[in-house]
Amino acid sequence: MFHEAVEDPGTHTPADLHAAYEAMLVESVESVGVERAAAESGVDEATVEALVDGESPELTLEEGAALLALDGAVSADDVVALSRDALLMGMTTAVVDVDSLSAGIDGELSGREIQAKVEGRFPITLREFARIHQFLDERSR
């Protein structure tokens, strides 16, 4: 799961977390091959190839979850649900609302955008997930 990729995520940078997510995804893709990963996940083959080549393409949480689920140990839906739950629980633990969270990540996303992304009404990228997850974990310390 993305929220478990790094121990003590609040002590790392969002870029560190994002790199850890990508490393997990590369490992998953390499276990089955680029073509099969693209076919089974529904992620564009060029995007999967770019990921393996270290180009750091923009991926949504859902796309990342589909790639992470290639080994069959967990479903993509479970990865997405558990990841979103981790953010919601992080908001509770850190005692922040979406507007405070927006301010905490320097207004990169508005409170409304954060709420819609965390709830799954709008796609959240893995970079955004990393930024929010890092802030919440750091704040809850």
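The values are calculated or read from the model by the stated rules, or taken from the named source; none is laboratory data. As the structure is a computational prediction, the values presented were derived from the model and not from experiment. Cβ placement follows ideal geometry from the backbone for every residue including glycine, while neighbour counts extend to all protein chains displayed.
The table below gives the values:
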read-out: The lone exception for ASP106 - which of (1) more than 12 Å from the chain's Cα centre (by Cα); (2) in a helix (DSSP H, G or I) it fails; value: (2)
read-out: Qualifying positions in region 92-112 - among the hydrophobic types (A, V, I, L, M, F, W, C) and either farther than 17 Å from ALA130 by Cβ or in contact (Cβ under 8 Å) with a residue 24 or more places away in the chain (or both); value: ALA94, VAL95, VAL96, VAL98, LEU101, ALA103, ILE105
read-out: Options VAL34, VAL29, VAL48; residue that is more than 25 Å from PHE122 (Cβ to Cβ), crowded, with 20+ Cβ neighbours inside 10 Å and not assigned by TED's automatic domain parsing to the domain that holds HIS133; value: VAL29
read-out: Count - residues of region 66-77 that are at pLDDT 95 or above and either more than 13 Å from the chain's Cα centre (by Cα) or closer than 15 Å to VAL118 by Cα (or both); value: 4
read-out: Residue in region 69-88 that is over 23 Å from ALA23 (Cα atoms) and either part of a loop (DSSP other than H, G, I, E, B) or free of Cβ contacts under 8 Å to residues at least 60 places away in the same chain (or both) present; value: yes
read-out: Residue in region 41-48 that is touching a helix residue (DSSP H, G or I) at 6+ places or on another chain (Cβ under 6 Å), part of a helix (DSSP H, G or I), in contact (Cβ under 8 Å) with a residue 12 or more places away in the chain and farther than 16 Å from PHE129 by Cα present; value: yes
